[in-house]
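Trainee: Next up is a structure, given as structure tokens.
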Amino acid sequence: MKKAIPKPPAAVRLLLCGALLACGNAPAQDDGARITPEQARANLSRAVVLAADDKRAFPAAPAGFADTLPGVAQGRVEEFGYESPVTGTRRKASVYLPAGYTPERRYPVLYLLHGIAGNQDEWRGYVRANTILDNLIAGGKAPPMIVVMPNGRALADDRPPPAEGLFTPGHVEGFAKFERELLGTLIPAVDGRYATVAERDMRGIAGLSMGGGQALNIGLGHPDTFGWIAGFSAAPNTRPAAELLPGPGQASRQPRLLYLSCGDKDGLINVSQAVHRRLKQLDMPHVWNVDGYGHDRESWADNLYHFARLVFRR
Ligand code: FER
């Protein structure tokens, strides 16, 4: 994919990056537009180097936590359509409404974002987010909440591309373009349609992989919009840690909860490690949960379970 290299300086950067990658030392983050799709894909199988504090913050979720259980009231997932000024098209989000949802009450809202090959159905279909929430809410372990699962790829054609198109700059760029759509269009549309508490302390953003990068970038970048932020196995679309967290000089409002997780068999763990280390350096409270999984649904289901137990608490 040499055609992705616009001019000699970028080519030099790319060569340097390739050389660093070869010795296992490449920078954790990139904007996805400067490396080739082959290099991006290779990031998934980078060697994992663990530090002493890269360990579990919680025991694994109890057996059956993501299973449909008899006697547990189920919420429903409905399709929500909206016009996107970013793409010029009508786009879809899946919206989870907890069991007993009624417009007579007001609910907190969690925006839950998918990975590079997913869409608005990934959290429900692949991770079973709705069932995890049904079980937690029924057991009184999480407050009833609305969960908005958008398609985080703000492109006119927002279908997941075939495998060879996943890591192309144009596709990765769609995930960055989603920020403007989320803030300017989707959040106001959701607050207009559903019985939400339209306040930062009752609004969260979380995601897996590409969606984890989006959640960290958008959440930390808009502290007055999101009070609760989680990145699960965040991908290299995550902004460089020092940019994401500029530090005391430019101190912004602290999130109510900042939650980071990754599996210790996930080649992308260096992205989350860099954010965790920056947070430690800044003395910023956060959860850091390193589990035993790879880049897969077991980790995302388990971490959604733990995050949902903490989110929107007073
Ligand atoms: C990359 C490796 C993986 C990357 C993105 C991913 C933008 C995303 C993976 C996923 O969402 O599962 O280098 O660059």
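The values are calculated or read from the model by the stated rules, or taken from the named source; none is laboratory data. This structure is a prediction, so every number in the text was calculated from the model and none was measured. Positions of Cβ are backbone-derived with ideal geometry, glycine not excepted, and every protein chain shown enters the neighbour counts. The protein model used for the area step is the full one, side chains on, heavy atoms only, and it has no ligands, DNA or RNA in it. Shrake-Rupley method; radii C 1.70, N 1.55, O 1.52, S 1.80 Å.
Trainee: Only one residue in 103, 62 is assigned to a loop (DSSP other than H, G, I, E, B) and free of Cβ contacts under 8 Å to residues at least 60 places away in the same chain, so which one is that?
Mentor: Only one candidate passes the filter, namely 62.
Trainee: Does residue 206 satisfy being within 16 Å of the ligand (Cβ to nearest atom) and in contact (Cβ under 8 Å) with a residue 40 or more places away in the chain?
Mentor: yes
Trainee: With the structure loaded, tell me whether residue 225 is of a type in the set (S, T, N, Q), at pLDDT 95 or above, within 14 Å of the ligand (Cβ to nearest atom) and within 26 Å of residue 202 (Cα to Cα) or whether it fails that test.
Mentor: no
Trainee: Which one is surrounded by the fewest Cβ atoms within 10 Å (Cβ to Cβ) among residues in the stretch 106-128 that are within 16 Å of the ligand (Cβ to nearest atom) and not in a loop (DSSP other than H, G, I, E, B)?
Mentor: Step by step, filter the stretch 106-128, then rank; the result is 125.
Trainee: Exactly one condition in (1) within 22 Å of residue 150 (Cα to Cα); (2) touching a Phe, Trp or Tyr at 6+ places or on another chain (Cβ under 7 Å); (3) not aliphatic (A, V, I, L, M) is not met by residue 256; state its number.
Mentor: Status for residue 256: all satisfied but (1).
Trainee: Here's another thing I want to ask about it. Determine, yes or no, whether residue 65 is among the aromatic types (Phe, Trp, Tyr), more than 16 Å from the ligand (Cβ to nearest atom) and touching a strand residue (DSSP E or B) at 6+ places or on another chain (Cβ under 9 Å).
Mentor: Answer is no for this residue.
Trainee: Within the stretch 286-307, is even one residue away from the ligand (no atom under 16 Å from the Cβ), assigned to a strand (DSSP E or B), buried (at least 22 other Cβ atoms within 10 Å of the Cβ) and hydrophobic (A, V, I, L, M, F, W, C)?
Mentor: Yes, there is a match, as at least one residue in the stretch 286-307 is away from the ligand (no atom under 16 Å from the Cβ), assigned to a strand (DSSP E or B), buried (at least 22 other Cβ atoms within 10 Å of the Cβ) and hydrophobic (A, V, I, L, M, F, W, C).
Trainee: May I ask you to verify whether residue 99 is open to solvent by 10 Å² or more (accessible area, probe 1.4 Å) and of a type in the set (A, V, I, L, M)?
Mentor: Numbers: open to solvent by 10 Å² or more (accessible area, probe 1.4 Å): yes; of a type in the set (A, V, I, L, M): yes.
It is true that residue 99 is open to solvent by 10 Å² or more (accessible area, probe 1.4 Å) and of a type in the set (A, V, I, L, M).
Trainee: Separate question: Please specify each residue of the stretch 264-285 satisfying the condition of being within 16 Å of the ligand (Cβ to nearest atom) and open to solvent by 20 Å² or more (accessible area, probe 1.4 Å).
Mentor: Passing the criteria: 265, 270, 274.
Trainee: Taking the conditions exactly as written (closer than 22 Å to residue 58 by Cα and open to solvent by 30 Å² or more (accessible area, probe 1.4 Å)), does residue 259 satisfy them or not? Spell out the reasoning first.
Mentor: On the way: closer than 22 Å to residue 58 by Cα: yes; open to solvent by 30 Å² or more (accessible area, probe 1.4 Å): no.
The answer is no for residue 259.
Trainee: State all residues of the stretch 209-222 that are in contact with a strand residue (DSSP E or B) (Cβ under 9 Å, 6 or more places away or on another chain) and more than 15 Å from the ligand (Cβ to nearest atom); if no residue qualifies, say none.
Mentor: 218, 219, 220, 222 - these are the residues of the stretch 209-222 that are in contact with a strand residue (DSSP E or B) (Cβ under 9 Å, 6 or more places away or on another chain) and more than 15 Å from the ligand (Cβ to nearest atom).
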